[in-house]
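Chemist: Before we start, here is the structure in question, set down as structure tokens.
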Ligand SMILES: [Zn+2]
């Protein structure tokens, strides 16, 4: 089982010999879902869903630029109020993404409070909802009591819904009964750097050519026979690339929760995320209860494993396991490993009382 942090119910994973440029924390296997991705070097974070345990992550929540909501069932959305509470007084824009109807639902939550119409309350919510290739954007301002600052705008969605300097995010429609639901694919961009040790060893003086070389490699516009001026002499780009340039492949993280298995969306996911480094996938039911998975529009552990296998993923992390299986949540991993061996889950938090008999799905 993957080692958890001391903080019950969440853990992060970063292998020393295979360093990732971001850290991630996932909710415990049967807790309300969230995945928090922290791009520490960029000072920003991305949050997928907002289960109740995001309450313990205030420091990172202050850095969240994008909140991506899969759907509006309460276990995925209950932490939203806390996020707003944490960000009040911050001079920032929080981008919120979700399926159709999310703007109305979040506005309704915000209307449940009184807000001081203070000019200092500069928090802005930029909410984008997606349906069938069309996005609708609404901007709500805290100092206007979260009323829209203008009429909603619509736009076409062809590629990623988010395109930041170091990563992009695509969305894929999944099938969760009557609740519109999205899965997300985070694709980190490849990073290019110069090998400083190699530079020293060659005795080459750094200069403006370093930035130009990196820019051209990143843009894919460094043809083999191009020349760059280095230390007053023309030098072949292909030689520089071979000797000095190191490319770190960007990671791909897939977040899937609350859906039945359908070939259509799995095929779309394969187009976007084959070879994914990490697939975080719900595993609400064991295979023996697959009839319940169909009834409640969820996946079984074996179906989650099948998705990871079809994506040719490096790692599958199961979460959103029904509390009906306590204290044997790890059964889900054991089942999944028969189909996809590189499966794991966050170590479950200790429980003081059984939750058997509670409603098992949202
Ligand atoms: Zn749900």
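Chemist: Given the condition at pLDDT below 95, away from the ligand (no atom under 16 Å from the Cβ) and surrounded by 16 or more Cβ atoms within 10 Å (Cβ to Cβ), answer yes or no: does some residue in region 261-279 qualify? Steps first, please.
Modeler: Of all residues in region 261-279, those at pLDDT below 95 come to none.
So far as region 261-279 goes, no, none of its residues is at pLDDT below 95, away from the ligand (no atom under 16 Å from the Cβ) and surrounded by 16 or more Cβ atoms within 10 Å (Cβ to Cβ).
Chemist: Please verify whether residue 286 is more than 16 Å from the ligand (Cβ to nearest atom), at pLDDT 95 or above and closer than 30 Å to residue 189 by Cα, treating the condition exactly as stated.
Modeler: no
Chemist: Something else about it: Can you pull out the residues in region 62-77 that are away from the ligand (no atom under 16 Å from the Cβ) and surrounded by fewer than 23 Cβ atoms within 10 Å (Cβ to Cβ)?
Modeler: If the condition is that a residue be away from the ligand (no atom under 16 Å from the Cβ) and surrounded by fewer than 23 Cβ atoms within 10 Å (Cβ to Cβ), then 62, 63, 65 are the ones that fit.
Chemist: Give region 329-362 a look and list any residue that's more than 14 Å from residue 287 (Cα to Cα), out of contact with any strand residue (DSSP E or B) (no Cβ under 8 Å at 6 or more places or on another chain) and modelled with pLDDT of 60 or more, or say none.
Modeler: If the condition is that a residue be more than 14 Å from residue 287 (Cα to Cα), out of contact with any strand residue (DSSP E or B) (no Cβ under 8 Å at 6 or more places or on another chain) and modelled with pLDDT of 60 or more, then 341, 348 are the ones that fit.
For every residue, the table says whether it meets (1) farther than 26 Å from residue 47 by Cβ; (2) over 24 Å from the mean Cα position of the chain (by Cα).
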{"residue": "258", "(1), (2)": "no, no"}
{"residue": "286", "(1), (2)": "yes, yes"}
{"residue": "298", "(1), (2)": "no, no"}
{"residue": "308", "(1), (2)": "no, no"}
{"residue": "319", "(1), (2)": "no, no"}
{"residue": "337", "(1), (2)": "yes, no"}
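Chemist: Can you list the strands (runs of 3 or more DSSP E) found entirely within region 85-188 that contain at least 3 residues being away from the ligand (no atom under 16 Å from the Cβ) and within 17 Å of the chain's Cα centre (by Cα)?
Modeler: Strands (runs of 3 or more DSSP E) meeting the threshold: 93-99, 124-131, 167-174, 181-188.
Chemist: Which condition does residue 40 not pass, out of (1) loosely packed, with under 15 Cβ neighbours inside 10 Å; (2) at pLDDT 85 or above; (3) over 21 Å from residue 185 (Cα atoms), if it passes all the others?
Modeler: Of everything listed in (1) loosely packed, with under 15 Cβ neighbours inside 10 Å; (2) at pLDDT 85 or above; (3) over 21 Å from residue 185 (Cα atoms), residue 40 misses just condition (3).
Chemist: Go through region 211-256 and give me each residue that's under 34 Å from the mean Cα position of the chain (by Cα) and in a strand (DSSP E or B).
Modeler: Selection gives 245, 246, 247, 248, 252, 253, 254, 255, 256.
The values are calculated or read from the model by the stated rules, or taken from the named source; none is laboratory data. This one's a predicted model, so the numbers in the text were calculated from it and none came from an experiment. Every residue, glycine as well, gets a Cβ built from its backbone with ideal geometry; the counts of neighbours run over all protein chains shown.
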